[in-house]
Structure formats: structure tokens, C-alpha cells
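J.: The structure is given below, and queries will be raised subsequently.
The values are calculated or read from the model by the stated rules, or taken from the named source; none is laboratory data. None of the values given here were measured: they were computed from a predicted structure. So basically every Cβ, Gly included, is an ideal-geometry build from the backbone, and we count neighbours across all protein chains shown.
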């Protein structure tokens, strides 16, 4: 696909997601009027796909300067990343299938904006901040961590006295735990099976084995 085609495809995906996220639409409308994030910089490392893009747009609508990288090289949708990068006050450094070096270079580029707030999925952004960019820590107002894995990593840092910034464990919120962790994970697992096998579900016998909620 050409760059133009990538952007058009990403815009279509984002519009579809936007139309199915009414709560965020209400928040965005309020943000556009009040600009509560004016003057703030937000650094993000998340799965770069359409729903995430709508969140990024909402933060920018609130006045923030936003930089985002991926949190998994295999989850980035290049068309969405290309579309995001055309938006005012948004820089997207995510790329599908990047190598380990490119992945962490993208996180460094996010940190180059000197964010006031971080939003993380897996805590790679916060770890990079603490390990290699410690001089930026006094400027950080706080961060958010979305996943169970990331929260566990941060709890370990806190226990060792190594965590130098306040972090909200989004994963522990009831709206995340009761809905996304229970139902979203199940749907994502089944979607992954469908995409990998390309088989018809009808008539199949399925055994589910696991450890409960994510």
C-alpha cells in the first residue's frame, strides 16, 4: 500500500471505532471546550490500533501534546499509525514487525518529548525511564499502567524502593477488571484462534484450559 492508502485505511478504522465509543466521544466533546490538558505532554506505549487511536485523539483534543509507540511489535497496525501521525499535536513512532532495537528506539523517541504523564501497557516505557532516562523523573507528574503483567512489574519495583513516580494501576479498576479482563480477554483469545487457523467455528468441539481471569 502507498502512504496515502495506508492513511485512508487508518482513518476508516478510526472512524468506525470512534462511532462505537460513545463515552469517549462525550469526554472528547468536553475536552475540546475546556482543554484540561493544555500545556501537558503525554508519552504512551500501547497497542497501536483503532481504539487506542481514538484515545490518543481525545487526549490531543484536550490540549495535550502526545507521542506514542507500540507496546508489542506484532500488534501495531501500520495504517492506524500512519493516520495518527497526520494529526495535529500527535507523533506516532510505532511500526509493525520492528526488531527489538527499533522497538526500544521508538520508546526513546516518545521519551524525547519529555512527557509529564505516561500511559503504559506492560511497563516498558516506565522501565526505560527508570533505567536510562532517570534525569526526567522529577518532571513526571505520574503514569498509568494498563495490564496485569505491568502492574506486577511495578509492584516489584515499589517493593524494592525503585519506583520513583506515582502510577495508577488501571488494571485494578473495576471497569477494567470486571469487563475487559473477563470478557475482553476471552474474545481476544478466540479471535486469535480464528485468525491463526482460518477455520469455520461451526461444528467444532473446543476444550478451554487456563487459570481464570487475566
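J.: List the number of the failed condition for residue 1; all other conditions in (1) surrounded by fewer than 20 Cβ atoms within 10 Å (Cβ to Cβ); (2) part of a helix (DSSP H, G or I) hold.
T.: Among (1) surrounded by fewer than 20 Cβ atoms within 10 Å (Cβ to Cβ); (2) part of a helix (DSSP H, G or I), the lone unmet condition for residue 1 is (2).
J.: When you scan region 140-157, do you find a residue that is touching a residue at least 40 places away in the same chain (Cβ under 8 Å), within 26 Å of residue 63 (Cβ to Cβ) and surrounded by 18 or more Cβ atoms within 10 Å (Cβ to Cβ), even just one?
T.: Yes, region 140-157 has at least one match.
J.: Also: Is it fair to say residue 73 is within 18 Å of the chain's Cα centre (by Cα) and at pLDDT below 95? Before you say what the answer is, go through the steps one by one.
T.: Details: within 18 Å of the chain's Cα centre (by Cα): yes; at pLDDT below 95: yes.
Considered against the rule, which asks whether it is within 18 Å of the chain's Cα centre (by Cα) and at pLDDT below 95, residue 73 comes out as yes.
J.: Need the failing condition index for residue 37 against (1) in contact with a strand residue (DSSP E or B) (Cβ under 9 Å, 6 or more places away or on another chain); (2) part of a loop (DSSP other than H, G, I, E, B); (3) farther than 24 Å from residue 140 by Cα, just the number.
T.: Unmet for residue 37, out of (1) in contact with a strand residue (DSSP E or B) (Cβ under 9 Å, 6 or more places away or on another chain); (2) part of a loop (DSSP other than H, G, I, E, B); (3) farther than 24 Å from residue 140 by Cα: (3).
J.: A further question on this structure: Restricting to region 85-120, name every residue that is over 17 Å from residue 133 (Cα atoms) and within 13 Å of the chain's Cα centre (by Cα).
T.: 92, 93, 94
J.: Additional query: Being more than 16 Å from residue 146 (Cα to Cα), touching a strand residue (DSSP E or B) at 6+ places or on another chain (Cβ under 6 Å) and either in contact (Cβ under 8 Å) with a residue 40 or more places away in the chain or not assigned by the TED database to the domain that holds residue 20 (or both) is the filter here; which residues of region 65-102 pass it?
T.: Residues satisfying the conditions are 65, 67, 81, 84, 92, 94.
J.: Next question, about the same structure. If I filter region 191-209 for residues that are touching a helix residue (DSSP H, G or I) at 6+ places or on another chain (Cβ under 8 Å), without any contact (Cβ under 8 Å) to a residue 24 or more places away in the chain and not assigned by the TED database to the domain that holds residue 133, do I get at least one hit?
T.: Kept after step one, since they are touching a helix residue (DSSP H, G or I) at 6+ places or on another chain (Cβ under 8 Å), are these residues of region 191-209: 201.
Still in the running and without any contact (Cβ under 8 Å) to a residue 24 or more places away in the chain: 201.
Now restrict to residues that are not assigned by the TED database to the domain that holds residue 133: 201.
Yes, because at least one residue in region 191-209 is touching a helix residue (DSSP H, G or I) at 6+ places or on another chain (Cβ under 8 Å), without any contact (Cβ under 8 Å) to a residue 24 or more places away in the chain and not assigned by the TED database to the domain that holds residue 133.
J.: A follow-up question, please. Tell me whether region 13-25 contains one or more residues that are in contact (Cβ under 8 Å) with a residue 40 or more places away in the chain, closer than 26 Å to residue 167 by Cα, within 16 Å of the chain's Cα centre (by Cα) and surrounded by 19 or more Cβ atoms within 10 Å (Cβ to Cβ).
T.: No, there is no match, as no residue in region 13-25 is in contact (Cβ under 8 Å) with a residue 40 or more places away in the chain, closer than 26 Å to residue 167 by Cα, within 16 Å of the chain's Cα centre (by Cα) and surrounded by 19 or more Cβ atoms within 10 Å (Cβ to Cβ).
J.: Kindly indicate which of 162, 173 is within 25 Å of residue 129 (Cβ to Cβ), without any contact (Cβ under 8 Å) to a residue 60 or more places away in the chain and surrounded by 13 or more Cβ atoms within 10 Å (Cβ to Cβ).
T.: Going through 162, 173 in turn, just one is within 25 Å of residue 129 (Cβ to Cβ), without any contact (Cβ under 8 Å) to a residue 60 or more places away in the chain and surrounded by 13 or more Cβ atoms within 10 Å (Cβ to Cβ): 173.
J.: Checking residue 51 against (1) assigned to a strand (DSSP E or B); (2) more than 21 Å from residue 115 (Cα to Cα), which test does it fail?
T.: Of the numbered conditions (1) assigned to a strand (DSSP E or B); (2) more than 21 Å from residue 115 (Cα to Cα), the odd one out for residue 51 is (1).
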